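The values are calculated or read from the model by the stated rules, or taken from the named source; none is laboratory data. No experiment lies behind these values; they were computed from the predicted model shown. Note: ideal-geometry Cβ built from the backbone for every residue, glycine included; neighbour counts use all protein chains shown.
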Amino acid sequence: MSTAAPEPAAPDSAAPESAASGPKKRPTLPSLGLMGWLRFLWRQLTSMQTALILLMLLAIAAVPGSLYPQRSVNPGLTEQYLQEHGKTAEILDKLGMFDVFGSVWFSAIYLLLFVSLIGCVIPRLQVYLRQVVAKPPVTPRRLTRFTGYTDVILDPSALPADTSADALSADASPTSAADLRDRFAQRLRRSRYRIRTTEDERGFAVSSERGYLREAGNLLFHVALLGVLIGVAMGHLTSYRGQVTVVEGEGFANSLTRYDSFEAGPWFDETSLPPFRFTLDEFRAEFNTDTDNPREFGKPTKFEADVTASDPDQPEFTKTVRVNQPLNLGGSGIYLLGNGYAPVLTVTDPKGRVIADGPVITVPQGLHYTSQLVLKMPDARPKQMAVVGIFAPTMVIDDKGPHSEYAGLVNPEIALTVHTGDLGLDGGVPQNVFQIDVQKLDPVTKADGSPMLIRLKPGETTKLPDGTTIEFTDVKRYAAFDVKRDPWEGFTLAMALASIVGLVASLFIPRRRIFVRVAETSEGLRLEAAGLARSEDYRLQQDVQELVAEVTGRKEADE
């Protein structure tokens, strides 16, 4: 018997569509798009966390400015560092380590911090202004979860009388729940709380709040920090700074040609230098003479510069300039920066023509003012001439060579050599007046061909083999001054002080709320009181209990 093969089953029309179409797909989120990404990045940049990170990065980025010499402060020391450290210094120079505060990466951090603070402060300021004009929040329904919760039943007849003017003018009546609430409101108002009174089915309530200056201090700190950034930036753009060396008896007029080095901000107009002048009358220096204490011997104890100054806004006057006690002229601060000795030399060629005459500024090399002396004489004939040597206020020559053993003028002397040849001053390339490469010059020698070493004390003269005479006539002191004008320094100082005030206010002013509810019950007046602090406030519980005790006349409030 044959049987028919079963027909294939028809597809089930009731089967889920997902089973026929394969596994269920995951939902896809819409793309942010350009504007979405921009909003996301703006929120990240203007968050307080980002502002703190940028502030920390700015402090870290400023560290190389104190580790490496900066061109804006000491160009000579920077060039010396570059020569001594070779390839490493070249890499550091390309990274901007010798001009940290003007580098691209430091400016980028600075600008990002500036934008972050603006985006962070403005929204918070708007929120704070709305909070200032708003009333305190209503009293919560349940106060048991707040700090210092107090719940007592009071006898209206046992409460102290209300001595306010309004109460005394009214007819005497038992204290009601509304009266007791008003007493609390009056007492809190005297304590500089903002008050809001309400009435509902649970009774009469008063909510109070104070400490808005805490948030104001926080905002003041950030706004002032923003002001400091503005002041520093504007000061950099509009300020100028220059260094000048003045010998005793000589003067300085504020012009670009008189500065040894000068730098100004991009927005500073160099034609608007204030027209002041001053003369260095005398420079005084004192040094430690305690020979029993070798570590302190020779250290400076006092530097003073007597100057005669004048500007168009005030008549001529005299002033003593000391370290950290600057001379103020024409809105500029003139600070005593350094000092040294300037021996007076007169050089006469064989024909009797004076080719150099005056003080020569020397560069101190150590604690005892062993100073390097360089005098270039491009007018000497037939060859240009240079004098290179050492000046020591207290000269000693031993196995260490010529040096000074004390900074005071006890035994002043110069030890020098003379060189002739092309000084390279006619090539148009600026040179450091305190340095010279003697390897390209010919030394003046004795008859036996050895280099001629010359030692002179004040008043002595020597003659070179070609008839040139060198006379050491006197020793003068010189002072180096730093002239600086920053029209924004007052603004920056004010902002820095304001930031300190704001920080103190945000740390020590408590933000708190106190709630009170009074309801009439069959047993008497039920009083509930509690407090809420926005931060750690260790006195809040005690203050709530003292408030209840003072208003109700109870010696001790029940907890």
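Points to keep in mind about this one:
- Residue among PRO402, PRO382 that alone is without any contact (Cβ under 8 Å) to a residue 12 or more places away in the chain and either assigned by TED's automatic domain parsing to the domain that holds ASN293 or part of a strand (DSSP E or B) (or both): PRO382
- Test: ALA479 is modelled with pLDDT of 90 or more, touching a His at 6+ places or on another chain (Cβ under 8 Å), surrounded by 14 or more Cβ atoms within 10 Å (Cβ to Cβ) and outside any loop (DSSP other than H, G, I, E, B): no
- Segment 254-275 residues that are within 20 Å of ASN328 (Cα to Cα), paired with ones that are surrounded by 14 or more Cβ atoms within 10 Å (Cβ to Cβ) and of a type in the set (Lys, Arg) (beta carbon under 6 Å, 6 or more apart): GLU263/ARG241
- Within segment 438-486, if we keep just the residues that are in contact (Cβ under 8 Å) with a residue 12 or more places away in the chain and among the acidic types (Asp, Glu), the residue that is nearest to THR362 (Cα to Cα) turns out to be ASP474.
- Count of segment 455-465 residues, restricted to those that are surrounded by 14 or more Cβ atoms within 10 Å (Cβ to Cβ) and over 50 Å from the mean Cα position of the chain (by Cα), is 3.
- Pairs where the first residue, in segment 133-144, is over 11 Å from PHE515 (Cβ atoms) and touching a residue at least 40 places away in the same chain (Cβ under 8 Å) and the second is in a loop (DSSP other than H, G, I, E, B) and small (Gly, Ala, Ser), C-beta under 9 Å, 6+ apart: none
- Strands (runs of 3 or more DSSP E) completely within segment 261-349 that count 2 or more residues being touching a helix residue (DSSP H, G or I) at 6+ places or on another chain (Cβ under 8 Å): 261-264
- Among the residues listed as GLY251, GLY298, the single one being of a type outside the set (Lys, Arg), out of contact with any Gly (no Cβ under 7 Å at 6 or more places or on another chain) and on the phi > 0 side of the Ramachandran plot: GLY298
- Tally, over segment 135-159, of residues that are aliphatic (A, V, I, L, M) and under 13 Å from VAL206 (Cβ atoms): 2
- Selected residue [closer than 17 Å to ALA479 by Cβ and free of Cβ contacts under 8 Å to residues at least 60 places away in the same chain] from VAL244, VAL323: VAL323
- Selection status of THR289, at pLDDT below 95 and within 31 Å of the chain's Cα centre (by Cα): no
- So VAL418, is it surrounded by fewer than 16 Cβ atoms within 10 Å (Cβ to Cβ), at pLDDT 90 or above and either at positive phi or more than 41 Å from the chain's Cα centre (by Cα) (or both): no
- Residues located in segment 311-328, provided they are surrounded by 14 or more Cβ atoms within 10 Å (Cβ to Cβ) and modelled with pLDDT under 90: ASP311
- Per this entry, LEU226 is counted among residues that are modelled with pLDDT under 90, part of a helix (DSSP H, G or I) and crowded, with 19+ Cβ neighbours inside 10 Å.
- Filtering segment 497-508 to residues that are surrounded by fewer than 16 Cβ atoms within 10 Å (Cβ to Cβ) and either modelled with pLDDT under 95 or under 30 Å from GLN541 (Cα atoms) (or both) leaves ILE500, VAL501, VAL504, LEU507, PHE508.
- Residue within segment 410-433 that is part of a strand (DSSP E or B) and farther than 30 Å from GLU79 by Cβ present: yes
- In segment 509-532, the residues that are within 38 Å of the chain's Cα centre (by Cα) and either surrounded by fewer than 18 Cβ atoms within 10 Å (Cβ to Cβ) or more than 20 Å from GLU550 (Cβ to Cβ) (or both): ILE509, PRO510, ARG511
- The listed residue being surrounded by fewer than 13 Cβ atoms within 10 Å (Cβ to Cβ) and touching a residue at least 12 places away in the same chain (Cβ under 8 Å), out of ASN411, ASN432: ASN432
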